[in-house]
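FYI, it's all coordinate maths here, none of it is from the lab. Predicted model only: the values in this text are computed from it and were never measured. Cβ atoms come from the backbone with ideal geometry, glycine included; neighbour counts cover every protein chain shown.
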Ligand SMILES: [Zn+2]
Ligand SMILES: [Zn+2]
């Protein structure tokens, strides 16, 4: 059982959402807990059942509003200080949150409004590629 492969994805069936929803959710939360411990922040504060319900209720990235592709491993975004789960986001959108926090703590001088002003300047000066 433990070394069975998913006929659709070829991945370990015990961690496949379609073959084993509970195993999928446990696998995600175990991996998140491991990363959180290594990076010394709180893991997402959500149960296995809560994660399954969130996934069932989510179809679009909570940050950009565009559709999510579940085969593309959307990120479960959460607050590293409180554990609060914010939602599922594209990896490319989720990474912006980390950059925004860094921006706030540096040139944003810890202030949200100042950070947004700086961000608007960056966007205005943005030259693609
Ligand atoms: Zn499967
Ligand atoms: Zn997005």
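Checking residue 110 against (1) surrounded by fewer than 16 Cβ atoms within 10 Å (Cβ to Cβ); (2) more than 13 Å from ligand 2 (Cβ to nearest atom); (3) on the phi < 0 side of the Ramachandran plot: exactly one of these is not met. Which one?
Looking at each condition in turn, residue 110 falls short on (3).
Does region 3-18 contain at least one residue that is within 16 Å of ligand 2 (Cβ to nearest atom), in a strand (DSSP E or B) and surrounded by 15 or more Cβ atoms within 10 Å (Cβ to Cβ)?
No, region 3-18 contains no residue that is within 16 Å of ligand 2 (Cβ to nearest atom), in a strand (DSSP E or B) and surrounded by 15 or more Cβ atoms within 10 Å (Cβ to Cβ).
Only residues that are in contact (Cβ under 8 Å) with a residue 24 or more places away in the chain and assigned to a helix (DSSP H, G or I): list them for region 74-129, please.
Across region 74-129, the qualifying residues are 93, 94, 96, 97.
Report the residue count in region 43-77 for those that are in contact with a strand residue (DSSP E or B) (Cβ under 8 Å, 6 or more places away or on another chain), over 12 Å from residue 29 (Cα atoms) and surrounded by fewer than 18 Cβ atoms within 10 Å (Cβ to Cβ).
Final tally of qualifying residues: 8.
Being more than 16 Å from ligand 2 (Cβ to nearest atom), surrounded by 12 or more Cβ atoms within 10 Å (Cβ to Cβ) and closer than 27 Å to residue 122 by Cβ is the requirement here; does residue 80 meet it?
Judged against the criteria, residue 80 is a match.
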